[in-house]
Amino acid sequence: MTARVVVADDQAVVREGIVMLLGLLPGIEVVGSAKDGEEAVAQVAEHAPDVVLMDLRMPRCDGVEATRRIRERFPGTQVVVLTTFEDDDSLFPALRAGARGYLTKDAGGDEIVRAVEAVLSGEVGLSPTVQRRLLEQVTAGPLQAAGGAPEPPDGMTPREAEVLSLIAEGMSNADIARTLHISQATVKSHINNLFAKAGLRDRAQAVRYAYMRGLVRPPGRTFT
């Protein structure tokens with residue numbers, strides 16, 4: 001399967017370089033490019049790509065607002081942020097707007113391909129540095145302050161909360177099944193239940209929800 005991609009970046013040299021790189025990668029076809037968020041939304045409307053690689057700091061309409069518009073109007077198109085910035089003021093607004101992947105511009109071709117494949121399969125595509133940043137934020141926040149495991153929110157069982165935390169850590173259903181020593185059918189049942197209780201539509205929303213509720217587990221922490 002070939003992923004159809006639009007590239008959005010306000011710097012022409014960077015944008016053209018990314019387009020050139022993507023043209024050399026297997027399984028990716030660049031169908032358009034944009035110099036700002038307004039053009040990115042227009043390109044999505046015209047080409048219906050599978051994924052937009054989105055810069056954040058752009059004129060007229062920035063990447064966060066463009067991501068929000070794309071996810072609202074064209075839910076079949078996923079967004080992977082590709083930016084220089086990985087600070088909280090860039091990262092969390094992008095995830096809340098609907099981005100399902102977040103890479104920095106030092107990412108290699110293989111990492112970009114993995115992120116694109118991940119978001120197209122319903123997973124999240126986060127660079128290792130971004131995953132560490134999110135975990136640092138969580139371990140410095142509600143879990144640590146509470147001095148113990150948080151109460152599962154929205155009527156979830158402890159097991160459902162644990163499954164949600166593993167989704168937020170980037171695990172597939174098969175990974176979760178192996179980690180918890182349960183069947184994939186049981187994992188799917190837990191996911192269906194927790195999605196219903198929390199009002200979630202997909203795994204990207206689940207990741208954002210888990211981070212906002214402090215459900216991502218620091219190493220060695222379990223829900224009891």
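Which numbered condition in (1) of a type in the set (Phe, Trp, Tyr); (2) at pLDDT below 90; (3) within 14 Å of the chain's Cα centre (by Cα) is the only one that Tyr102 fails?
Looking at each condition in turn, Tyr102 falls short on (2).
If a residue must be within 17 Å of Ala12 (Cα to Cα), out of contact with any strand residue (DSSP E or B) (no Cβ under 8 Å at 6 or more places or on another chain) and among the charged types (D, E, K, R), how many such residues does the range 36-93 contain?
Residues in the range 36-93 being within 17 Å of Ala12 (Cα to Cα), out of contact with any strand residue (DSSP E or B) (no Cβ under 8 Å at 6 or more places or on another chain) and among the charged types (D, E, K, R): 3 in total.
Do we find that Arg96 is within 14 Å of Ala8 (Cα to Cα) and either in a loop (DSSP other than H, G, I, E, B) or modelled with pLDDT under 90 (or both) in this structure?
Considered against the rule, which asks whether it is within 14 Å of Ala8 (Cα to Cα) and either in a loop (DSSP other than H, G, I, E, B) or modelled with pLDDT under 90 (or both), Arg96 comes out as no.
Across the range 56-90, what is the number of residues that are open to solvent by 40 Å² or more (accessible area, probe 1.4 Å) and in contact (Cβ under 8 Å) with a residue 40 or more places away in the chain?
Qualifying residue count, the range 56-90: 4.
Could you tell me which of the residues Ala204, Ala174, Ala161 is exposed (fewer than 14 other Cβ atoms within 10 Å of the Cβ) and either part of a helix (DSSP H, G or I) or in contact with an Asp or Glu (Cβ under 8 Å, 6 or more places away or on another chain) (or both)?
Matching residue, one of Ala204, Ala174, Ala161: Ala174.
Please go through the range 177-189 and pick out each residue that is surrounded by fewer than 23 Cβ atoms within 10 Å (Cβ to Cβ) and either in contact (Cβ under 8 Å) with a residue 24 or more places away in the chain or assigned to a helix (DSSP H, G or I) (or both).
Correct list: Ala177, Arg178, Thr179, Leu180, Gln184, Ala185, Thr186, Lys188, Ser189.
(1) open to solvent by less than 20 Å² (accessible area, probe 1.4 Å); (2) assigned to a helix (DSSP H, G or I): which one isn't true of Val5, the others all being true?
(2)
Take the conditions closer than 28 Å to Thr104 by Cβ and either of a type in the set (A, V, I, L, M) or modelled with pLDDT under 85 (or both) and apply them to Ile176. Does it pass?
The answer is yes for Ile176.
One residue is enough: does the range 146-160 have a residue meeting the conditions within 22 Å of the chain's Cα centre (by Cα) and modelled with pLDDT of 85 or more?
Within the range 146-160, one or more residues are within 22 Å of the chain's Cα centre (by Cα) and modelled with pLDDT of 85 or more.
Which residues, counting only those in the range 54-68, are within 16 Å of the chain's Cα centre (by Cα) and among the basic types (Lys, Arg)?
Once the filter is applied, which keeps residues that are within 16 Å of the chain's Cα centre (by Cα) and among the basic types (Lys, Arg), the range 54-68 yields only Arg68.
Please go through the range 8-45 and pick out each residue that is closer than 19 Å to Arg68 by Cβ, part of a helix (DSSP H, G or I) and open to solvent by 50 Å² or more (accessible area, probe 1.4 Å).
Passing the criteria: Glu38, Glu39, Ala42, Ala45.
Select from the range 122-145 the residues that are open to solvent by less than 70 Å² (accessible area, probe 1.4 Å) and farther than 30 Å from Thr77 by Cα and write down the one among them that is modelled with the highest pLDDT.
My answer is Thr139.
Pick from Leu53, Leu91: which is in a strand (DSSP E or B) and either of a type outside the set (Phe, Trp, Tyr) or closer than 20 Å to Arg114 by Cβ (or both)?
Leu53
The values are calculated or read from the model by the stated rules, or taken from the named source; none is laboratory data. No experiment lies behind these values; they were computed from the predicted model shown. Note that we place each Cβ from the backbone using ideal geometry, even for glycine, and neighbour counts take in every protein chain shown. Remember, those area values only see protein heavy atoms, side chains included, never the ligands or the DNA or RNA. Shrake-Rupley method; radii C 1.70, N 1.55, O 1.52, S 1.80 Å.
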